[in-house]
Structure formats: structure tokens, C-alpha cells
Amino acid sequence: MSEKILAVAAGHEITEQELENLIDQYPANQQMYMSDDNARRQILEQLIAFHLFYKMAVEEKITESQEYLDLVEKLKTELASQMAAASVVEDISVDEEEEKNYYRDNPKLFASRQQVSARHILVESEALARSVAQEIAGGLAFAEAARKYSTCPSKERGGDLGYFSKGQMAPEFEQAAFAGGLNQVLGPVKTQFGYHLIMVEDKKEGTALPFEQVQSQIHRQLIQKKQQNAYDEKVKELAEKYGVERKEA
């Protein structure tokens, strides 16, 4: 059965398969929109224009110009090189045993990070911070003190910062928070923003993520590592076989 012909442009029959082949070249997240009739008509128009311009190029002898021939030769070299490089890594695979060994040997890579939940009060001076701390010691609730004195927008939530892990706060702040005990007023702690009083309300220790949760991530990492190693080894082998002479730039 012959293929369905959608259009004829400059004598070239544009088939439905040719249209599908062009759609396949679009990113996956765009292909889902190509089932729409209007989108397919627009792509067909692109194909029609492509073949019309190619006919023009032949008639005006653009395809015989040295510039064209040089570009074709360059593209042939690049395509052949890319295909040869792809052939080196295309059969590389990773089995589940390798994945599990990598998971076992690198526990720190697959653990949730330690977190703390804290409130804070930010003021401009150390003296004011100490004065607020005394009020809290005298019975003023930390959340109320935050609403009354803090200059941080978190004061609207009683100074509540929620959970955070290392690397999210100013170094001096997180050092005090992660080292401090629960439900104690810590500080004053000076940072670039001012002086903080901190109260840690909860801590979550880092825990190992289940293998099943990170298996696909491990698979990608191992495949990429194997592919890179295979590529590097092949480059070294080819350099020894064909020779490489590096000269100063």
C-alpha cells in the first residue's frame, strides 16, 4: 500500500511519513502538541517551504558553489565523528547489582540532610537582643517577643522559620542552630543582618533514602560514568593508533 501523499512541492511528494519524521525531531515536550490539526498543517507548510527553497538552490547552482561543498564536507566530518563516538558508548549498560554496590559504598550520597526547625528574633543591636532575652527569661513567650521586637518579616509568624538544612542560612546562624539544644534561647548571634535570638523547636537527623527511591538516579550516574570512561579510553587508543601532535597555541 502506497504512502499517503500530503502535498507536492517543486515535484517532490511529501508523504505522511516525512511529516512524522520531522515531528519526531522536535523535543518530546513539544511533540504532544503536534497532534492538533492546525499544528500539523503548520509543520506541513514548513516542509513545503523547505522543498521549494531546495529547488531554488539547485536552479541557482547554490549546491555547486564552493561554499556549499565546503559546508557539506564539514558536516560529513562532524556527522561521521559523532556517529563513531556514539558507537563507542551505545552498548554500555549497568545491572542492578552494580547499582546496589554503588548505593552501599556511597551512603552519604543517598541520605536526607539533617534539618532543624527554629524561631528567631532579629534586632539591630546586641544590647537590645540581651534585653529581649531577659524578657523571655522573665516569662514573655518567644513568639510574642518576635512579634514585638523582630525586624524580620518572619515576626508575623512569631519568628517561625520552619525547617531548614545546612547551607540555607547565614553560617553563624546555622552553626548555633544545629549545635544548640531544643527550646533554649540561643544568642545573641551576630550575622550580617544584625543580632539574632534563636529557639530550636525540633531536629531531624539525616536518614538513608531507600534504594528504590534513588535507583534511577544511581543508574544514570553509573551509565554516564561508564560512558565517559569508555570515551576517554577510546580517545587514548585512537591517539596511539593514528598519532597526535599537540603544538603550543
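No lab work stands behind these numbers, since they all come straight from the coordinates. Predicted, not measured: the structure shown is a model, and the values here were computed from it. A quick note on method: Cβ atoms are made from the backbone with ideal geometry, for glycine too, and the neighbour counts reach across all protein chains shown.
Distance cut-off 19 Å, Cα to Cα: go down the list LYS108/LYS204; LYS100/LYS226; LYS166/LYS225 and report the pairs above it. Don't skip to the answer; put the middle values down first.
On the way: LYS108/LYS204 16 Å; LYS100/LYS226 16 Å; LYS166/LYS225 28 Å.
Those over the limit are LYS166/LYS225.
Rank the residues MET32, MET199 as a footprinting-exposure proxy: fewest other Cβ atoms within 10 Å of their Cβ go first. Can you show the working numbers first?
Working: MET32 9, MET199 24.
With the sparsest Cβ surroundings first, the list reads MET32, MET199.
What range in the chain is the longest one free of trypsin sites (Lys or Arg not before Pro) that are in a loop by DSSP and have at most 12 other Cβ atoms within 10 angstrom?
Working: sites that count: LYS4, LYS61, ARG246, LYS247.
Counting only loop sites that pass the neighbour cut-off, the longest clear stretch is 62-245.
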What residue among CYS152, ALA7, MET83 has its Cα farthest toward the positive end of the dipole of the chain, where the charges are +1 on Lys, Arg and -1 on Asp, Glu, each on the Cβ? CYS152
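Under the classification rounded if a/c is under 1.5, otherwise prolate if a/b is larger than b/c and oblate if not, where does the chain fall, given a ≥ b ≥ c as square roots of the Cα gyration tensor eigenvalues? Can you show the working numbers first?
On the way: a/c = 2.93, a/b = 2.17, b/c = 1.35.
Prolate, since a/c reaches 1.5 and a/b exceeds b/c.
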For the chain, modelled as a Gaussian network with Cα springs under 10 Å, which listed residue fluctuates most, PHE178, PHE53, PHE193? PHE53
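For the range 126-235, what does the alpha-carbon gyration tensor say about shape, rounded, prolate or oblate, given a ≥ b ≥ c as the root eigenvalues, a/c under 1.5 as rounded, and a/b over b/c as prolate?
Values: a/c = 3.90, a/b = 2.85, b/c = 1.37.
Judged from the Cα gyration tensor, the range 126-235 comes out prolate (a/c at least 1.5, a/b above b/c).
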Loop only by DSSP, 13 or fewer other Cβ within 10 Å of the Cβ. Give me the GluC sites (Glu not before Pro) in the range 186-249 that pass, ordered by residue number. GLU205, GLU245, GLU248
